[in-house]
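Encoded as structure tokens, the structure appears first; notes follow it.
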Amino acid sequence: MRVSPVAAATAQMKAAPTQTTSLSQDFMTLLIAQLQAQDPLDPMDASDFMSQLAQLQSVSELSTMNQQLMQLMDLESLNPTLSLIGREVQWIDAETGERVSGTVDRVELTSDRGYVLVVGEEQLSLDQILSVGLTDNRVKATA
């Protein structure tokens, strides 16, 4: 199943809170265990307790920031590929061994997070492309 890059990024953004929630639950479990095991005559200092909560918040925010940075890097890697839409590309046909050309109609994200160029009915990986040029139907500047 192919998923559009925008849909994939949206799905990743929705999945991000799950990891942060899991981290918060783990922290709270440890904190409760620590509170239950503490010496009643010498309870945990309130400043230590607040320090641990602040650390949890920091880790949570760093985790979220890291996930957003990874999403940005994924989208950034797509940018050069998107610039091929509307451009003429050439490749070697696997069946005939002849050099073939066509205009890139769209770019699709594959299930393994790679990209394929769609040229008519052909799906081409980036490593199959021999050359890239302008199509004849692009507007040409006149002097």
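Conditions (1) modelled with pLDDT of 85 or more; (2) surrounded by 13 or more Cβ atoms within 10 Å (Cβ to Cβ), marked per residue:
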site	(1), (2)
F49	no, yes
L56	no, yes
S60	no, yes
N79	no, no
S83	no, no
V100	yes, yes
T110	no, yes
V119	yes, yes
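Residues in segment 94-118 that are in contact with a Lys or Arg (Cβ under 9 Å, 6 or more places away or on another chain) and closer than 22 Å to L134 by Cβ: T103, V104, V116, L117, V118.
Select from segment 22-45 the residues that are over 27 Å from T64 (Cα atoms) and either part of a helix (DSSP H, G or I) or in contact with a Cys (Cβ under 9 Å, 6 or more places away or on another chain) (or both) and list them in ascending order. Spell out how you get there, then give the answer.
First, the residues of segment 22-45 that are over 27 Å from T64 (Cα atoms): 35-45.
Those that are over 27 Å from T64 (Cα atoms) and either part of a helix (DSSP H, G or I) or in contact with a Cys (Cβ under 9 Å, 6 or more places away or on another chain) (or both): L35, Q36, A37.
Pairs linking a residue in segment 81-93 that is over 16 Å from L130 (Cβ atoms) to a residue that is among the basic types (K, R), with Cβ atoms under 9 Å and 6 or more positions apart or on different chains, are I85/R106; G86/R138.
Out of D93, D105, report the one residue that is charged (D, E, K, R) and modelled with pLDDT under 90. Criteria check complete, one pass: D93. Criterion first (touching a residue at least 12 places away in the same chain (Cβ under 8 Å) and more than 21 Å from the chain's Cα centre (by Cα)) does V107 satisfy it? No; evaluated as a whole, the condition is false for this residue. Restricting attention to segment 26-47 and to residues that are surrounded by 10 or more Cβ atoms within 10 Å (Cβ to Cβ) and not hydrophobic (A, V, I, L, M, F, W, C), the residue that is nearest to the chain's Cα centre (by Cα) turns out to be D26.
The values are calculated or read from the model by the stated rules, or taken from the named source; none is laboratory data. Just so it is clear, the structure is predicted and the values come from calculations on it, not from any experiment. Virtual Cβ from ideal backbone geometry, glycine too; neighbours counted across all protein chains shown.
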